[in-house]
1. Please go through the range 47-70 and pick out each residue that is open to solvent by 60 Å² or more (accessible area, probe 1.4 Å), without any contact (Cβ under 8 Å) to a residue 60 or more places away in the chain and charged (D, E, K, R).
2. Taking GLY123 as the residue in question, decide whether it is assigned to a loop (DSSP other than H, G, I, E, B), at pLDDT below 95, surrounded by fewer than 14 Cβ atoms within 10 Å (Cβ to Cβ) and not polar (S, T, N, Q).
3. Just checking, how many residues over the range 101-119 are surrounded by fewer than 15 Cβ atoms within 10 Å (Cβ to Cβ) and outside any strand (DSSP E or B)?
4. Can you pull out every residue in the range 91-134 that is over 14 Å from ASP49 (Cβ atoms), in contact with a helix residue (DSSP H, G or I) (Cβ under 8 Å, 6 or more places away or on another chain) and in contact (Cβ under 8 Å) with a residue 24 or more places away in the chain?
5. Does GLY137 satisfy the criteria of being loosely packed, with under 14 Cβ neighbours inside 10 Å, more than 30 Å from TRP81 (Cα to Cα) and either in contact (Cβ under 8 Å) with a residue 12 or more places away in the chain or more than 13 Å from the chain's Cα centre (by Cα) (or both)?
6. Which residue out of VAL29, VAL84 is within 17 Å of ASP122 (Cα to Cα) and either exposed (fewer than 12 other Cβ atoms within 10 Å of the Cβ) or hydrophobic (A, V, I, L, M, F, W, C) (or both)?
7. Got a number for residues in the range 140-158 being out of contact with any Phe, Trp or Tyr (no Cβ under 6 Å at 6 or more places or on another chain), open to solvent by less than 100 Å² (accessible area, probe 1.4 Å), at negative phi and modelled with pLDDT of 80 or more?
8. Taking ARG73 and the conditions (1) within 24 Å of THR7 (Cβ to Cβ); (2) surrounded by 13 or more Cβ atoms within 10 Å (Cβ to Cβ), which numbered condition does it fall short on, given that it satisfies the others?
Amino acid sequence: MSAHPITMVPIGVVSSQRDDLSDDNWGSVESVITIDSPELLHEALLGLDTFSHIEVIYHLHRVPLEEIERGARHPRGRADWPNVGILAQRAKARPNLIGLARCQLLSVDGRTLRVRGLDAVDGSPVLDIKPYLAEFGPIGEIRQPAWSHEVMKDYYRE
């Protein structure tokens, strides 16, 4: 099976005070997502304001291509954490540069969404938005290695 390129056209863009690529302290970050796709009608957002949280799929547009990891690495470059494959991490430097975040939806005003806790920097192209439904949460017990808890301990710190 050979891979064929996929073309995606962003539906919007993130505006945020945050433009640094650091990994922590995203909890209190408020951002605005402006839906600017001419392909989407105004009604595309109808009812979204009845949800408390959304999932945002976005392009990690500022990651330098030479930093993309295609194998394994130590999370955040820390040798005291295990060497694990890029697909076993949530790192930015991934092959398709796709970010996925669940964030709190604060308001919807026309084609503008205000959110909190979105870990996308200013100017990030938004590829899709979905309402977060509890039924799409994990089925069964969640398990993850100890190092991943340490990686995430300050990620959403305010």
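The values are calculated or read from the model by the stated rules, or taken from the named source; none is laboratory data. It should be emphasised that the depicted structure is a prediction, and the values quoted were computed from it without experimental measurement. Because the Cβ atoms are built from the backbone with ideal geometry, glycine has one as well, and the counts that use them run over all protein chains shown. All accessible areas refer to the heavy atoms of the entire protein, side chains included, with ligands and DNA or RNA removed. Shrake-Rupley method; radii C 1.70, N 1.55, O 1.52, S 1.80 Å.
1. Selection gives ASP49, GLU66, GLU67, ARG70.
2. No.
3. 1
4. ALA93, ARG94, PRO95
5. Numbers: loosely packed, with under 14 Cβ neighbours inside 10 Å: yes; more than 30 Å from TRP81 (Cα to Cα): no; either in contact (Cβ under 8 Å) with a residue 12 or more places away in the chain or more than 13 Å from the chain's Cα centre (by Cα) (or both): yes.
For GLY137, the condition - loosely packed, with under 14 Cβ neighbours inside 10 Å, more than 30 Å from TRP81 (Cα to Cα) and either in contact (Cβ under 8 Å) with a residue 12 or more places away in the chain or more than 13 Å from the chain's Cα centre (by Cα) (or both) - is not met.
6. Just one listed residue meets the conditions, VAL29.
7. Going through the range 140-158 one residue at a time, the tally reaches 5.
8. Only one criterion is unmet by ARG73, namely (1).
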